[in-house]
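Step one of this worksheet: look at the structure below.
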Amino acid sequence: VRAAFVQIALQGARPANTNPVIATIDDILKSPEGQRKSVTNALSEVRSKLDLGENGAQSDVAQLYGIRKSINDQLEMVAGRDNSAAQQAARQLIQVRDSLDAAMEKAAPGFANYRQTYAEMSKPINSQTFLQNLNLTDSTSNRITLPKVKAAIDKIEKLRNAPGANEAKSISDEQLAGLRNLHRDLQ
C-alpha cells in the first residue's frame, strides 16, 4: 500500500534541484555545529548520496525519496540518546531533511500530501507498537507493576520532549492520560 502511495505521489515528477540541499549541508559543515564528529559523519553520508560528482547533483525524485528514508534511518539510530552529540546530529539531519522535502515538493507536488497522509495513517500503528514494547509486566508474575508504569510514563515524556522523530511522539494525549490513570490506580 505504501509503495502505491509513493508511486502516485511521485508520478509526473520533474527533476529536483538539490543544489540548495547540498548548500544547506555545506553551510552546516562550515558552522561550529559542523565541527562535531557525529554531525560531520551524518551529513557527509547524505551529501555523498546527493553529489554525483561530474554528473551534478541527484535530481531523480525516487532516488531522493530513498535518501530521505536513509536520513530517517539515521534519526532512528540517535532517537532518545542522551548525549548532546547525537542530539546535535539529529537537529542537523532534520534541517537537511526539511530542505530535501522542499526540493522534492517543488518537483513532485503530490509528495507533500503523501507525507501528511502517511504520517496521520501511521500514528495509531506507531503508538500501539510503542505501547506494546514498554514491557509493563513483571517478568515473574506477568502483572503490571507500579514501577514499570512510572518508568514508562517518564520515558514517554522524555522522548516526546526530545528533538527529532521518535515513536513516543505518536502517543496521543489520551493514551498518556490512560497510563497516568493506571499509575494512580496502582498507587
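The values are calculated or read from the model by the stated rules, or taken from the named source; none is laboratory data. This is a predicted model, so every value here is computed, not measured. Quick reminder, even Gly has a Cβ in these numbers, built from the backbone with ideal geometry, and neighbours come from all protein chains shown. The area values use the complete protein model at the heavy-atom level, side chains included, leaving out ligands, DNA and RNA. Shrake-Rupley method; radii C 1.70, N 1.55, O 1.52, S 1.80 Å.
Normalised radius of gyration for segment 11-102, please: alpha carbon Rg relative to 2.2 N^0.38 Å, two decimal places.
Working it through for segment 11-102, the quotient is 1.07.
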Between Ile156, Leu93, Ser70, whose Cα lies farthest towards the positive end of the dipole of the chain when Lys and Arg beta carbons carry +1 and Asp and Glu beta carbons carry -1, centred on the Cα centre?
-> Ile156
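Let me know the charge dipole size of segment 36-187 about its Cα centre in debye, to the nearest 20, where only the beta-carbon of Lys, Arg (+1) and Asp, Glu (-1) is charged.
Details: 21 positive and 18 negative charges, 85 e Å.
The calculation lands at about 400 debye.
So if R0 is 41 Å, what FRET efficiency would Ser139 and Ala119 give, r being the distance between their Cβ atoms, rounded to the nearest 0.05? Before the final figure, lay out each step's value.
Details: r = 35 Å, r/R0 = 0.85.
According to the calculation, E is roughly 0.75.
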Ile144 long-range amide H proximity, modeled H, under 5 Å | Asp138
Evaluated at 4 °C with a viscosity of 1.567 mPa s, what Stokes-Einstein diffusion coefficient in µm²/s does segment 115-163 have when Rh comes from the Kirkwood expression over alpha-carbon pairs?
-> 105
The chain: calculated mean residue ellipticity at 222 nm from DSSP helix runs of at least 4, using -39500 (n - 2.57) = -23000 deg cm²/dmol
May I ask you to give the average projected area over all directions of the convex hull of the Cα atoms of segment 61-119, in nm² rounded to one decimal?
-> 4.0
In terms of solvent-accessible area of protein heavy atoms at a 1.4 angstrom probe, what is the ranking of Met104, Met121, highest value first?
-> Met121, Met104
Selection from Leu146, Ser31, Ala4 lying farthest towards where the dipole of the chain points positive, charges on Cβ | Leu146
Cα-based Lys pair tally, the chain, threshold under 15 Å, eight or more apart or on separate chains | 5
